[in-house]
Each structure stands twice: as structure tokens, then as C-alpha cells.
Amino acid sequence: MAEKAKLYYFDGRGLMESIRWLLTVAGVEFEEVFLKTREQYEQLLKDGALMFQQVPLVEIDGMKLIQTRAILNYIAAKYNLYGKDLKERVMIDMYVEGIRDLMDLLIKHPFLPPAEKDSNTKLIQTKAVDRFFPVYEQALAQSGGGYLVGGQLSKADVQVFEVVLMVEEKLPSILSSFPQLQAFQSRMRNVPAIQKFLQPGSQRKAQPDDNYVKTAMEVLRF
């Protein structure tokens, strides 16, 4: 049996959640070490595990990987979630980089002062409806295969689905004008690994709470 991947991060979504999603879809089991104290983080630094003094950190295949995009690309390439050729791969990358712009707004949201959260939610809504969701709506309409690129599941589908769910948590009716994305969401929910990941008790993390924010700020001192 292959050794489980080991994930070092906080007990919350943040930059690690997309990695959890992709490992799950790839069928890779993983265990987690939750950073709760500054001392844990400093020990990782002392051990030389954090190349740029940053988390997430993933131990997999005998390597210590950092930088979220690099980790996601490795998982996608290894487990056939990165297209059939370079042309498909660059399309996948474009779709992923686009949705990352929206993801960044969602990730920073819990750390904003209360007075700024409403305006950030409105910004998320505006960018989703006017800039990002129309792109994926059109891509799905043109793909004909139910997925964004090449008629098969890729990391682009997984990350777009993840972000759509996160936006819906804040704006439940956000997909009302996007029938292709609605159908896409239903298909993704029926992928067995995803179906299991969405059930209570899985390794999927809940929406960030005050304790997650407090812990991350104390450990990283920002």
C-alpha cells in the first residue's frame, strides 16, 4: 500500500483546501498535521521543510512540497487530471488561474475587518457574475463533454467546482443565470469521490471561523 500523503496546515480551508480536494478526487489518502502553535511552525523552519518559510507543506512520494500551485500541478500530472497534451494543459491552466483570482477574494475574506466584509462580498458577487462565471458557462456549453477541457475530468473542473460551492455559501442564488454551471455542479456532485468528500465527517473543512483566523494569525504572526 502506498504511503499516505501528509499535509501540514491549519485546521481550516485556506490555501490547503484545494489540495485536499484534488487529492480526494485523485484517490490519494492523506493525513493531516494541524499547526496550532508558533513552536510547530518554527520547528518546520528549523528542519528546513519550508523552502520559502511558507505553508502549505505536503509530504508525498518522498518529497516535501511547498507552493500551492506547484503541489496542485504535481498531483494533477501524476493522476491524469492535467489533460492529454500541452494544448489541453494550457487551457486547464488558464481556467485555473482565472478562478484563483476569485478564490483569493474568498480566502482573505475571514481575515478582513468586519467593516470591509460586506464590500468584499459585493466584489465577489460582481466578479463572479460579470467576469468569471460567464467564461465557464460558455466553455461548458462549447465542450460538449460535460467537463471544461478535453471531455474528461481535470483539475480545472475540481477547482471551479470548489470555488462555485464557496461562492454559493455566501450568495446562494448566484448560479440562477448560469444553467451550464448548474448542470456542471450536479455532475460533479455525482463523482463518487466528491460525493463522499461532501458528506459530514470527511476531511473537507467547514467555513472559516474565528478560531481558525486567530490560530493562523498567531502562528504566522501577521
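Okay, residues lined up against (1) open to solvent by less than 60 Å² (accessible area, probe 1.4 Å); (2) among the hydrophobic types (A, V, I, L, M, F, W, C):
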site	(1), (2)
Val33	yes, yes
Thr68	yes, no
Asp85	no, no
Leu102	yes, yes
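List the number of the failed condition for Leu72; all other conditions in (1) surrounded by 18 or more Cβ atoms within 10 Å (Cβ to Cβ); (2) more than 13 Å from the chain's Cα centre (by Cα); (3) more than 18 Å from Val167 (Cα to Cα); (4) of a type outside the set (Phe, Trp, Tyr) hold.
Of everything listed in (1) surrounded by 18 or more Cβ atoms within 10 Å (Cβ to Cβ); (2) more than 13 Å from the chain's Cα centre (by Cα); (3) more than 18 Å from Val167 (Cα to Cα); (4) of a type outside the set (Phe, Trp, Tyr), Leu72 misses just condition (2).
Condition first: over 17 Å from Ile99 (Cβ atoms) and hydrophobic (A, V, I, L, M, F, W, C). Can you find one or more residues in the range 202-210 that meet it? Can you show your working first?
Residues of the range 202-210 that are over 17 Å from Ile99 (Cβ atoms), as a first pass: 202-210.
Now restrict to residues that are hydrophobic (A, V, I, L, M, F, W, C): 206.
There is at least one residue in the range 202-210 that is over 17 Å from Ile99 (Cβ atoms) and hydrophobic (A, V, I, L, M, F, W, C).
Taking the condition open to solvent by less than 70 Å² (accessible area, probe 1.4 Å) and acidic (Asp, Glu), does Glu39 pass? Let's see the steps before the verdict.
Values: open to solvent by less than 70 Å² (accessible area, probe 1.4 Å): no; acidic (Asp, Glu): yes.
The answer is no for Glu39.
Would you mind stating whether Lys108 is open to solvent by 50 Å² or more (accessible area, probe 1.4 Å) and closer than 22 Å to Ile71 by Cα? Steps first, answer last, please.
Details: open to solvent by 50 Å² or more (accessible area, probe 1.4 Å): yes; closer than 22 Å to Ile71 by Cα: yes.
It is true that Lys108 is open to solvent by 50 Å² or more (accessible area, probe 1.4 Å) and closer than 22 Å to Ile71 by Cα.
Filter the range 141-164 down to the residues that are open to solvent by 10 Å² or more (accessible area, probe 1.4 Å), within 18 Å of Gly83 (Cβ to Cβ) and in a helix (DSSP H, G or I) and list them by number.
Within the range 141-164, Gln142, Ser143 qualify.
Looking at the structure I just gave you, is Glu137 in a helix (DSSP H, G or I), charged (D, E, K, R) and in contact with a Gly (Cβ under 8 Å, 6 or more places away or on another chain)? Let's see the steps before the verdict.
Numbers: in a helix (DSSP H, G or I): yes; charged (D, E, K, R): yes; in contact with a Gly (Cβ under 8 Å, 6 or more places away or on another chain): no.
No: the conditions fail for Glu137.
Test Val167 against the criterion of being under 16 Å from the mean Cα position of the chain (by Cα), hydrophobic (A, V, I, L, M, F, W, C) and crowded, with 20+ Cβ neighbours inside 10 Å, and give yes or no.
The answer is yes for Val167.
Pairs please, first residue from the range 97-118 and closer than 16 Å to Tyr212 by Cα and assigned to a helix (DSSP H, G or I), second anywhere and small (Gly, Ala, Ser) and at pLDDT 95 or above, Cβ atoms under 7 Å, 6+ apart in sequence or on different chains.
Note: pairs meeting the criteria are Ile107/Gly14.
Identify, from the list Val90, Val129, the residue that is part of a helix (DSSP H, G or I), over 22 Å from Leu175 (Cβ atoms) and among the hydrophobic types (A, V, I, L, M, F, W, C).
Numbers: Val129 fails: over 22 Å from Leu175 (Cβ atoms).
That would be Val90, the only listed residue that is part of a helix (DSSP H, G or I), over 22 Å from Leu175 (Cβ atoms) and among the hydrophobic types (A, V, I, L, M, F, W, C).
The values are calculated or read from the model by the stated rules, or taken from the named source; none is laboratory data. This is a predicted model, so every value here is computed, not measured. Positions of Cβ are backbone-derived with ideal geometry, glycine not excepted, and every protein chain shown enters the neighbour counts. Areas reflect the complete protein model, heavy atoms only, side chains present, ligands, DNA and RNA absent. Shrake-Rupley method; radii C 1.70, N 1.55, O 1.52, S 1.80 Å.
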